[in-house]
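The values are calculated or read from the model by the stated rules, or taken from the named source; none is laboratory data. All values derive from a computational prediction rather than experimental measurement. Here the Cβ positions follow ideal geometry from the backbone for every residue, glycine too, while neighbour counts run over all protein chains shown. These accessible areas exclude ligands, DNA and RNA; they are computed on the full protein's heavy atoms, side chains included. Shrake-Rupley method; radii C 1.70, N 1.55, O 1.52, S 1.80 Å.
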Amino acid sequence: AGLIVKHPQVRIWLFKIDDEFDSRGHAYIDLLRMREVTDCVRDHQSQAFESGTRATPLGEVEALLRRHVPKRAVVCNRRAYVDFAAWLLEASRVGAVIQAVPEGIISQTSVHLQIDPDGTTSVLGSSEAVMGQPFVPAVSWFPPTRSSWEVLHEVGARMGRVLAAKGLVGFASVDVVFFENPDFDAAKFEQEQRDCARTPAVIGTDSPVDPQHLMFRDLKSPSPSPPMSRGGGTVSAEPGRVSSLPESRQADVELAQQLLDIHISAVGRARQGPVQQMLGTPPEVGASVLSPHACWVVDVDARLTDEAAAIFPLQFVAQVRPEMTTGLLHLTAEAHRAKEDQNLSVDERKEKPQRWALASRRASSPGLEKLSYQSLFQAAKMRGVSFDLFHNVGCVFNFLDVFHSLFSLVAVEKSPELCVQRASLAVAVLAEGQPMPRAQQGARSNAKIAAPRDAPLQPGQDAEATDILTVADVQTALRAASRKCTEKPPQTWGSLS
């Protein structure tokens, strides 16, 4: 209740059980579905504004939340917690975290770290989660399609130093959400762009004014430098400083100084990259009004997450490494390079070694337990699910357990669109199972049909319930990733360039 009153602009609040992971203990509320709460906060705000008091409706808001939250809260994993009462019982036992969800989310990313015993922190890479349903990630992009690598790298470096100072050794992942900056001032942003383009450059502004910084200061012959008077103006004995000038030239000097100050200020703002504009500069913290986007650090996992673990087989099989200046995946020097690369243009040569990867979370596929590894690999190969070691594109199993119907796939391609297509084809093969002769295709009425994890169970299927993602959840996330590929990503991330 206190958070809702303090931050009335937040619409969605997310709850996380402390000892759960992979969205198993997530629940959230949407205040738009509880009009009584928002109306109560709005009425008290208007009354406080008119009367000039600071009365807070904590008691009323708390009573409304007690009445509506058990019915309106959404539990993200109803196989683990059938309703909000069961979720609240576990949360009250081990504790929970309350997080605000910003409006206009662009991407939900993670930066993965490795901290050595000597405190050295290295950034392994970054990823972007794609949701199968709200706050339930099902697949992940490597690298992120919509984020600022400079910001992610800076967040990882800062958090790595903090964790190393606390004695952490090993792996860690930092979750960063990018969203549209609600305080962004478009008019001021355009004005700053015009000022950067129109401000005249002053020649010699980068020259040192201190004689101690001059290159040839020791080569001058020693000689006295008394004050001199020229044309009615007094020149100081200190080089680079003018005590007074005639009125005819004083205005010119002042105008030049004003232009120099404007130029330095405009250049300083223009040189502020996404890191300064989105993370802020001390003592200010947060996104600047000149940044169209903002970011929050929402979670820190002091363990080897599934996304971080997928980086190592991805780099080994696809022969890729992240470029530390851009965060993009590029082929290593040991990877095969075709001879026709010599005939390509410079831009084509830069794009050719680039790769995109899409990794699914561990999910279950009903009916997979009826297949052997040999039959599954044969069916996958017949449908084109394989990896081309010559061109470093294709699809591989990151995890496979046919006895428990569990799988995880990694698709690698030269573009995000092709990557989604390849991953969708591979998941469809697993959803259909082993191909059958035409004479037996009509006898599949009793076969298990993949359904979302939280779908209602049919009578007699209670024993088959699982709290793991299903192949239908992965397919839903792949469709969301396909739609996102058609959208135009932001061209600038908080930069005036």
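Details
- Test: residue in region 85-98 that is hydroxyl-bearing (Ser, Thr, Tyr) and either part of a loop (DSSP other than H, G, I, E, B) or open to solvent by 40 Å² or more (accessible area, probe 1.4 Å) (or both): yes
- For residue 327, the test of being at pLDDT 85 or above, touching a Gly at 6+ places or on another chain (Cβ under 8 Å) and not in a helix (DSSP H, G or I) is passed.
- Restricting attention to region 111-131, the residues that are open to solvent by 20 Å² or more (accessible area, probe 1.4 Å), more than 16 Å from the chain's Cα centre (by Cα) and at negative phi total 7.
- Only residues that are of a type in the set (A, V, I, L, M) and either closer than 20 Å to residue 315 by Cα or at pLDDT 90 or above (or both) were counted across region 373-401, and they come to 5.
- Filtered residues of region 163-178 (kept if open to solvent by 50 Å² or more (accessible area, probe 1.4 Å) and either touching a Lys or Arg at 6+ places or on another chain (Cβ under 8 Å) or under 13 Å from residue 122 (Cα atoms) (or both)): 169, 171
- Scope region 307-334; condition within 26 Å of residue 168 (Cα to Cα), open to solvent by less than 80 Å² (accessible area, probe 1.4 Å) and in contact (Cβ under 8 Å) with a residue 60 or more places away in the chain; matching residues: 307, 308, 310, 311, 313, 314, 322, 327
- In region 7-30, the condition of being surrounded by fewer than 15 Cβ atoms within 10 Å (Cβ to Cβ) and either assigned to a helix (DSSP H, G or I) or small (Gly, Ala, Ser) (or both) is met by no residue.
- Flag for residue 409 being open to solvent by less than 80 Å² (accessible area, probe 1.4 Å), modelled with pLDDT of 90 or more and under 30 Å from residue 468 (Cβ atoms): yes
- For region 133-162, the set of residues classified as surrounded by 15 or more Cβ atoms within 10 Å (Cβ to Cβ) and in a loop (DSSP other than H, G, I, E, B) consists of 135, 143, 144, 145, 146, 147, 148, listed by residue number.
- When each of 45, 108 is tested for being surrounded by 14 or more Cβ atoms within 10 Å (Cβ to Cβ), free of Cβ contacts under 8 Å to residues at least 40 places away in the same chain and out of contact with any helix residue (DSSP H, G or I) (no Cβ under 8 Å at 6 or more places or on another chain), the lone residue that passes is 45.
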